[in-house]
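The values are calculated or read from the model by the stated rules, or taken from the named source; none is laboratory data. This one's a predicted model, so the numbers in the text were calculated from it and none came from an experiment. Note that we place each Cβ from the backbone using ideal geometry, even for glycine, and neighbour counts take in every protein chain shown. Accessible surface is based on the protein model in full, side chains and every heavy atom, while ligands, DNA and RNA are left aside. Shrake-Rupley method; radii C 1.70, N 1.55, O 1.52, S 1.80 Å.
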Number of protein chains: 2
Amino acid sequence: MARTFRISRRRALTLAGVTAAAGAGAGVAAGRATPEATASPADPDVLSYPFHGEHQAGITTPAQDRLHFAAFDVDDISREELIGLLKDWTAAAARMSQGGSAGDFAPDAGPYEAPPEDTGEAMGLGPTGLTITFGFGPTLFTTADGTDRFGIADRRPQVLTELPTFAGDMLEERISGGDLCIQACADDPQVAVHAVRNLSRIAFGRASLRYSQLGFGRTSSTSTAQVTPRNLFGFKDGTANVKAEDPAAVDEHVWVAEGDDQAWMAGGSYLVSRKVRMNVEPWDRTRLSEQERSIGRTKGTGAPLSGGDEFTAPDFAMPGSGGRPIIAEQSHVRLAHPDSNGGARMLRRGYNYVDGNDDLGRLDAGLFFICFQRDPERSFIPVQTSLAGSDILNEYIRHVGSGIFAVPGGATEGSYVGARLFEA
Amino acid sequence: MARTFRISRRRALTLAGVTAAAGAGAGVAAGRATPEATASPADPDVLSYPFHGEHQAGITTPAQDRLHFAAFDVDDISREELIGLLKDWTAAAARMSQGGSAGDFAPDAGPYEAPPEDTGEAMGLGPTGLTITFGFGPTLFTTADGTDRFGIADRRPQVLTELPTFAGDMLEERISGGDLCIQACADDPQVAVHAVRNLSRIAFGRASLRYSQLGFGRTSSTSTAQVTPRNLFGFKDGTANVKAEDPAAVDEHVWVAEGDDQAWMAGGSYLVSRKVRMNVEPWDRTRLSEQERSIGRTKGTGAPLSGGDEFTAPDFAMPGSGGRPIIAEQSHVRLAHPDSNGGARMLRRGYNYVDGNDDLGRLDAGLFFICFQRDPERSFIPVQTSLAGSDILNEYIRHVGSGIFAVPGGATEGSYVGARLFEA
């Protein structure tokens with residue numbers, strides 16, 4: 001099922017010479033110039049990131065504005081069929097991330113008496129910064145009853161195991177877990193949806209969609225060039241995030257190094273996802289003082305309550321009224337801060353979501369939290385343990401979905417994502 | 001509960017002199033210049049449309065990229081309280097559509113010991129073309145048991161009545177109907193969500209959210225300057241839409257005229273919404289020839305099967321193979337065409353949606369169809385009757401939600417949306 005790389009005429013018109021450097025997003029390099037390429041580098045529609053490289057795109061890539069996240073269950077197939085799926089996914093993802101169609105037979109360039117190999121709704125749209133990131137869940141390695149489905153049980157990284165149950169967890173099974181995950185991010189939701197839909201189509205008979213989630217308004221900046229966005233509590237979120245411009249921090253906290261654990265994970269990372277429902281209506285009826293006390297920052301500028309501006313380090317020792325610290329001990333900023341967690345940091349890349357409303361007329365809204373880290377046992381797990389235990393915010397939030405995935409390093413051209421996992 | 005108009009310092013920085021002419025979107029006029037205004041007119045973040053005028057914005061306004069639609073049930077309140085709600089909504093909508101906060105007490109400019117009058121997640125974002133359009137459902141005038149709740153039963157327009165049941169309808173009560181509706185459209189989903197959330201907050205105790213729907217990738221262009229977008233079947237949709245640049249067609253098909261029916265509806269329009277679930281997986285496994293036969297257009301360019309380009313008029317008489325017309329008699333384009341419906345036209349303004357997936361791993365996706373018209377009995381109802389009866393597409397779609405709303409004319413400054421309905 002190898003697919004040759006062919007760009008449809010129509011899509012070639014929209015491809016232009018804008019390709020940001022992978023990961024760092026620091027520069028704009030020349031892309032595949034075509035004779036028809038006319039768009040200016042300032043056109044966000046033609047922004048594209050390289051698919052191949054040491055790391056998968058979509059981690060340190062400057063966070064795009066829209067998310068379509070999907071988790072899949074693998075059907076009862078063989079190891080070879082699983083490898084075939086990963087090869088097909090890799091080929092399609094590489095094409096789509098450059099603005100191409102998912103398969104050879106786009107609706108305007110294929111046999112008339114067969115289904116098109118691309119569903120068509122992204123025709124005429126540019127890549128709009130699309131990245132597609134693949135991950136492997138613990139159940140891909142060993143099923144609940146201990147079966148080694150694909151002969152990779154002995155290659156499961158030690159840390160790739162179900163997350164512990166945290167205080168207050170109200171997880172729903174049907175929106176948790178998954179054998180495989182795809183994180184598709186783009187600046188146009190139709191492009192991200194098109195990617196997940198076509199990868200789901202390609203998986204037909206081999207893997208099926210378990211759950212999927214749309215998100216918008218990235219809640220964390222992953223580049224110093226980005227403004228810190230706001231979550232649905234109206235606060236800036238992710239000010240102290242690991243940023244792409246700090247390669248030492250990225251290497252220390254995000255990428256798995258050779259020798260960390262399984263060799264095939266070098267250059268990869270671990271993705272933890274948490275669907276966090278926010279009870280926005282009670283929050284909206286809470287006094288500003290209480291909101292700021294819960295977060296530990298001002299709502300307007302995002303400065304810590306100890307003063308300064310958004311990027312001033314919080315002073316947890318500064319006394320407030322009654323001799324207690326001005327930044328409450330159970331505030332979110334304090335509990336989540338690296339200083340409270342042995343220096344633990346992670347790269348957060350979450351998105352806001354609104355899934356309509358519930359039967360009581362309350363918005364079904366919140367945060368689809370995603371983070372990447374070198375070792376969840378040293379970053380997400382201790383931080384979440386601390387938050388789950390005493391964060392004032394817990395009154396207003398509820399964790400309803402959860403996932404953990406090993407995200408392997410990037411594929412080289414001609415290979416596929418996860419190849420090292422299956423090599424002898 | 002009158003609110004004075006005050007722009008927070010922070011928001012003033014993002015307001016700039018870009019205000020497109022209401023409705024037509026034909027020009028860019030000078031907005032409220034502030035000393036701090038620095039953004040260039042090319043910045044889509046600061047695009048704004050006037051709120052006040054003869055017609056409500058959000059109808060002939062060039063379709064923005066994102067939708068948050070919400071329907072409300074009015075609580076057991078008095079006529080005066082309902083009028084109070086409409087006044088409060090009007091004031092907040094006017095402010096937000098210009099990039100302002102929902103109320104006076106934004107998080108950075110209000111009393112510390114009270115809840116902010118704006119939830120904050122749009123702070124730092126521009127208006128991004130936000131329009132907020134209000135409508136009144138039939139049940140606002142007369143409840144199912146015939147009660148005249150607000151003394152307006154005799155002002156219900158004749159055509160504002162529950163839609164007939166169409167063949168194949170599988171409507172869900174909980175996502176249909178509503179006493180009031182709000183259509184919020186913007187180019188940034190966080191801005192549209194912020195608008196609905198704050199209007200919902202303002203309604204607390206007076207009206208409650210019945211259902212809400214997010215959409216993206218507008219499926220109809222309402223201006224000749226816009227490219228025709230694609231629906232989730234991958235086809236261009238709405239090529240023959242009523243466009244703002246054709247004022248004669250807009251007057252004939254969209255705006256209610258003086259003398260049409262109830263005087264208070266002059267300058268208004270009727271909104272019909274239909275949530276149309278699309279079975280994308282079977283569609284994606286259908287041959288291209290069958291897809292194009294169902295639609296009556298080519299998938300690539302959108303040209304009718306009788307030839308030409310997207311904007312060529314379809315030739316329904318042109319013979320195809322076997323002596324039958326080349327554009328099938330039961331194709332979507334033919335059944336929906338004005339020539340097949342006594343010249344009926346409407347202004348379509350729908351959006352694609354993806355609400356995750358169902359338990360069988362199928363994308364819960366489709367079209368949130370919205371159209372505006374002068375008289376639904378002469379446009380939407382006959383067209384949908386014809387489509388519901390024989391459209392080949394019915395194999396792949398299912399209507400699951402429905403609504404009809406009277407959208408009054410625009411408010412003048414100092415007044416409120418719907419004021420004429422309540423005047424003596």
What residue of chain B sits with its beta carbon nearest the rotation axis taking B to A, and at what distance in whole Å? B:355, 3
Averaged across the residues of B:204-216, what count of C-beta atoms belonging to other chains lies within 10 Å of each residue's C-beta? 4
Unit Cα scatterers, Debye sum, region A:27-423: log10 I(q)/I(0) for q = 0.14 Å⁻¹: -1.27
Rounded to the nearest Å, the spacing of the alpha-carbon centers of region A:67-98 and region A:253-286 is 21
Looking only at other chains, what is the average number of their beta-carbon atoms within 10 angstrom of each beta-carbon in A:356-365? 6
Note, ³J(HN,Hα) from phi for region B:150-165, Karplus 6.51, -1.76, 1.60, rounded to Hz, x at Gly and Pro: 10, x, 10, 4, 7, 9, 6, x, 3, 7, 8, 9, 3, 5, x, 7
Scanning chain B for chymotrypsin sites (Phe, Trp or Tyr not before Pro) in DSSP loops with at most 12 other Cβ atoms within 10 Å, what's the longest stretch left with none? B:113-310
Using the Cα centre of chain B as the reference point, and only Cβ charges (+1 on K/R, -1 on D/E), how large is the resulting charge dipole? Debye, rounded to the nearest 20. 580
Just to confirm the number: angle between the C-alpha axis of helix B:380-390 and the first principal axis of chain B, 0 to 90 degrees, nearest 10? 40
Expressed in nm to one decimal, what extension gain is obtained for the pair residue A:364 and residue A:75 from 0.36 nm per residue of sequence separation less their Cα-Cα distance? 100.9 nm
Could you calculate the contour length gain from residue B:309 to residue B:290, that is, 0.36 nm times the residue separation minus the distance between their Cα atoms, to one decimal place in nm? 4.9 nm
Other-chain or far-sequence residues with amide H under 5 Å of residue B:326's (modelled H): B:318, B:320
Please list, by residue number, every one of the GluC sites (Glu not before Pro) in region B:147-234 that is coil in DSSP and has at most 14 other beta-carbon atoms within 10 Å. B:162, B:172
Only protein chains counted, 1.4 angstrom probe. Which residues of region B:268-288 are at least 50 Å² less accessible in the assembly than when their chain is isolated? B:284, B:285, B:287, B:288
Taking H as built 1.01 Å from N, whose amide H comes closer than 5 Å to the amide H of residue B:269, not counting residues under 5 places away? B:256, B:407
Each residue of region A:109-118 in order: what ³J(HN,Hα) in whole Hz does its phi give by Karplus 6.51 cos²θ - 1.76 cosθ + 1.60, θ = phi - 60°, with x for Gly and Pro? 8, x, x, 6, 9, 9, x, x, 8, 9
Roughly how large is the A-B contact in terms of buried accessible area, totalled over both chains, probe 1.4 Å, nearest 100 Å²? 4700
Inter-label distance, nm, simple model (7 Å from Cα along the C-beta direction), residue A:252/residue B:153: 7.4
Based on the Kirkwood radius over alpha-carbon pairs, what value in µm²/s does the Stokes-Einstein equation return for the translational diffusion coefficient of region B:204-338 at 25 °C and 0.890 mPa s? 139
The ³J(HN,Hα) series, computed from each phi in region A:182-193 with the Karplus coefficients 6.51, -1.76 and 1.60 at θ = phi - 60°, rounded to the nearest Hz and given as x for glycine or proline, is 10, 9, 10, 10, 7, 8, 10, x, 5, 6, 5, 5
What part of the accessible area of region A:109-238, given as a whole %, is carbon or sulfur when the probe is 1.4 angstrom? 53
Solvent exposure of chain A as accessible area per residue, Å², 1.4 Å probe: 37
State, to one decimal in nm and shortest first, how far the label point of residue A:398 sits from each corresponding label point in the other identical copies (label point: 7 angstrom along Cα-to-Cβ). 2.7
Hand me the GluC sites (Glu not before Pro) from region B:45-145 located in a DSSP loop with no more than 14 other Cβ atoms within 10 Å, in residue order please. B:54, B:113
Among A:240, A:216, A:226, the residue whose Cα sits farthest towards the positive end of the charge dipole of region A:208-262, when +1 is placed on the Cβ of each Lys and Arg and -1 on the Cβ of each Asp and Glu, is A:216
Shape call for the protein assembly as shown from the C-alpha gyration tensor, a ≥ b ≥ c root eigenvalues: rounded (a/c under 1.5), prolate (a/b greater than b/c) or oblate? oblate
Starting from region B:217-308, pick out the GluC sites (Glu not before Pro) whose DSSP state is loop and whose Cβ has at most 10 other Cβ atoms within 10 Å. B:258
Just tell me how shielded A:118-126 is by partners: mean number of partner chain Cβ atoms within 10 Å of each residue's Cβ, no decimals. 6
